[in-house]
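Every number here is computed from the coordinates shown, using simple stated rules; none is lab data. The structure displayed is predicted, hence computed values, not measured ones. All Cβ positions, glycine included, derive from the backbone under ideal geometry; neighbour counts span all protein chains shown.
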Amino acid sequence: MPHITIEYVMLIPLLFIQILVFPFAASVMTSSWVDARRDAALQGIASHLASTIQQLYLSVNREEIVAGNITQASTLPPTIESYPYTAMGNMSASLDSSKVLTLTLRLEEARNTVTATALVGPNAKWSGGTLRSNSPDASINVQKFTNGTLLFSFYGS
């Protein structure tokens, strides 16, 4: 009988530890997996958006395209796991004569943020704006001037 009592004395604290540690470990692992999955989805959208802007630049930056406004309606999904996201841009000069547009996408009500870049030419400018994914009028706007300058912006906040 004394051996059984010693076993219970040793196993009861171990069982209490398992009751506390396993759910905590499972919660941490699940949270990490969910964040990684959201990051991957958001990164895919950011890359698609950067590619769309780069394609717009290449299409509009041709001599046969006259001055005017072009609006590309958003073809992006409105939410990721029921969370809307926002996109903002920032343009900077690169080492050569081109410019780099850095897009920052943030999943609202979650802590996920990713970036993507689009390389455009020296005649591109960024006027700002915020693209809100679930806005019905979310779009990328390009204004081409007679001097060849292309002014990019987001609309739909």
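Values for this structure:
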| read-out | value |
| --- | --- |
| Per-selection metrics, the chain (Cα): Rg and Dmax in Å | 25.1, 97 |
| 137, 35, 96 arranged by Cβ crowding within 10 Å, fewest neighbours leading | 96, 137, 35 |
| Contour excess over end-to-end distance, with Cα ends at residue 15 and residue 61 and 0.36 nm allotted per residue | 9.7 nm |
| Three-way shape call for the stretch 50-140 based on the alpha-carbon gyration tensor, with the a/c threshold at 1.5 | oblate |
| Amide H within-cut-off set for residue 117, under 5 Å, with H built and near neighbours excluded | 103 |
| Loop-located chymotrypsin sites (Phe, Trp or Tyr not before Pro) in the stretch 100-157 whose Cβ has at most 14 other Cβ within 10 Å (DSSP) | 145 |
| Loop-resident sites, the stretch 66-157, for trypsin sites (Lys or Arg not before Pro), counting at most 14 other Cβ within 10 Å (DSSP) | 111 |
| Computed magnitude of the charge dipole of the stretch 9-155 (debye, nearest 20; Cβ of K, R +1, Cβ of D, E -1) | 120 |
| Amide H contacts of residue 85 (H built 1.01 Å from N, under 5 Å, at least 5 apart or other chain) | 108, 133, 134 |
| The stretch 9-155: relative contact order in percent, alpha carbon pairs under 8 Å with at least 6 residues between | 25 |
